[in-house]
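Here, each number is a calculation from the coordinates, and none is a lab measurement. A quick note: this is a predicted structure, and the numbers were derived from the prediction, not measured. Backbone-built Cβ (ideal geometry, glycine too); neighbour counts: all protein chains shown.
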Amino acid sequence: MKPLIVANWKMNTTLSEAMILATGVKEGLANQTGAEVVLCPPFMWLVPINEILTSHRLPHLAVGAQNIFRAEVGAQTGEIAASMLKGVADYVIIGHSERRKSFHESDAEVAVKARLALDAALRPIVCVGELRKPSAEYFADPTDLPASQAQAILAQVDAVVAGLSAEQAVKIIIAYEPVWAISTNKDAVPANGHYANHICGLIRHRLKKKVGGAADSMRILYGGSANPENAAEFLHQPEIGGLLVGGASLKVKSFLSVCGAI
Ligand code: PGA
């Protein structure tokens, strides 16, 4: 399976910057087909970017949203429902740590959003991750990592699949994003390949309880300061099926090098 590389533009780009970025990525990917790529611009630019991508569509380039509201269409001023994204996005990021923090999104809310996304035929990319960096010894060799370090992550995984059927759960993409590694956080450092691989393995093991052997083909992404220098280290790990990229997705050149790091 090709790796999935997801660009999370967050609250960045003007319309013209977004068009230039999407056009540049599309041009670069025309002869770079080793990864499946998803661009997640701010809501405002979903429609114009979709237009750029639909003329001479590349089969390995799709569009995703960064969020949806926790209920279906109705009286929710300023919000966007999953069903409104039909025909505009194929993927949606759910439960990013910035939303969990700034908008107090709980595990229960994240689970509801994942279900609404699936009901609307969107592929949810559900973010999970711990707040605290492990101590240096486990970071270097995670084999004996205490169960408590992974507990919060696995609880987030359990919460999102709890209300889903196995058939639905298998469609979820988990993005393991240790919060301490996200580039915009103070003192952020990327995880290393071994550590991220270990945690992604624990997540897959947990998913097996819900979906059985089908978990082997589920994609688990790593995110947190992924960039052209470290992308290959993550992508070569057996449990890591792709990357969720923030800062390095905002420049055509750096994002294309991440996509090419396979
Ligand atoms: P970063 O962001 O690559 O800039 O660390 C990743 C994310 O928050 O999804």
Residue (of GLY213, SER183, ILE203) at the positive-pole extreme of the stretch 182-237, dipole from beta-carbon charges
GLY213
Computed over the chain: relative contact order in percent, which uses C-alpha pairs under 8 Å that are six or more apart
20
At q = 0.16 Å⁻¹, what log₁₀ I(q)/I(0) does the stretch 50-126 have when each alpha carbon counts as one equal point scatterer in the Debye sum?
-0.58
Once you charge only the Cβ atoms, +1 for Lys and Arg and -1 for Asp and Glu, what is the size of the charge dipole of the stretch 157-223 about its Cα centre, to the nearest 20 debye?
160
Taking springs between alpha-carbon atoms closer than 10 angstrom, which of VAL170, VAL179, VAL73 fluctuates most in the Gaussian network model of the chain?
VAL73
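Where nothing but the Cβ of Lys and Arg (+1) and of Asp and Glu (-1) is charged, how large is the charge dipole of the chain around its Cα centre, in debye to the nearest 20? The partial results should precede the final answer.
On the way: 24 positive and 24 negative charges, 60 e Å.
Dipole about the Cα centre, nearest 20: 300 debye.
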Taking the Cα-to-Cβ direction at LYS101 and at SER183 and moving 7 Å from each Cα, how far apart do the two end points lie in nm?
1.6
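Relative contact order of the stretch 81-202: what whole-number percent is it, with Cα pairs under 8 angstrom and at least 6 residues apart? Let's see the in-between values first.
Working: 156 pairs, mean separation 35.8, N = 122.
Averaging sequence separation for qualifying contacts and normalising by length gives 29 percent for the stretch 81-202.
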Running a GNM on the chain with Cα contacts under 10 Å, which residue among ALA136, ALA196, ALA226 ends up with the highest mean-square fluctuation?
ALA136
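Please give me the summed charge of the neighbours of PRO124: other residues whose Cβ is under 12 Å from its Cβ, Lys and Arg +1, Asp and Glu -1. Walk me through the intermediate numbers first.
Numbers: positive: LYS113, ARG115, ARG123, LYS171, ARG219; negative: ASP90, ASP119.
With Lys, Arg at +1 and Asp, Glu at -1, the neighbours total +3.
Would you mind working out the magnitude of the charge dipole of the stretch 39-177 relative to its Cα centre, with +1 at each Lys and Arg C-beta and -1 at each Asp and Glu C-beta, to the nearest 20 Debye? Before the final figure, lay out each step's value.
Numbers: 12 positive and 16 negative charges, 71 e Å.
That gives the stretch 39-177 a dipole magnitude of about 340 debye.
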List the lysines whose Cα sits under 26 Å from the Cα of LYS210, skipping any in the same chain fewer than 8 residues away.
LYS2, LYS113, LYS171
For the residues HIS104, HIS60, HIS194, what sequence is obtained by ranking on other C-beta atoms within 10 Å, fewest first?
HIS104, HIS194, HIS60
Under a GNM of the chain (C-alpha, springs under 10 Å), which listed residue has the highest mean-square fluctuation: LYS171, LYS86, LYS186?
LYS186
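What relative contact order, as a whole-number percentage, does the stretch 117-262 give when Cα pairs under 8 Å and 6 or more residues apart are counted?
Details: 244 pairs, mean separation 33.6, N = 146.
Across the stretch 117-262, relative contact order equals 23 percent.
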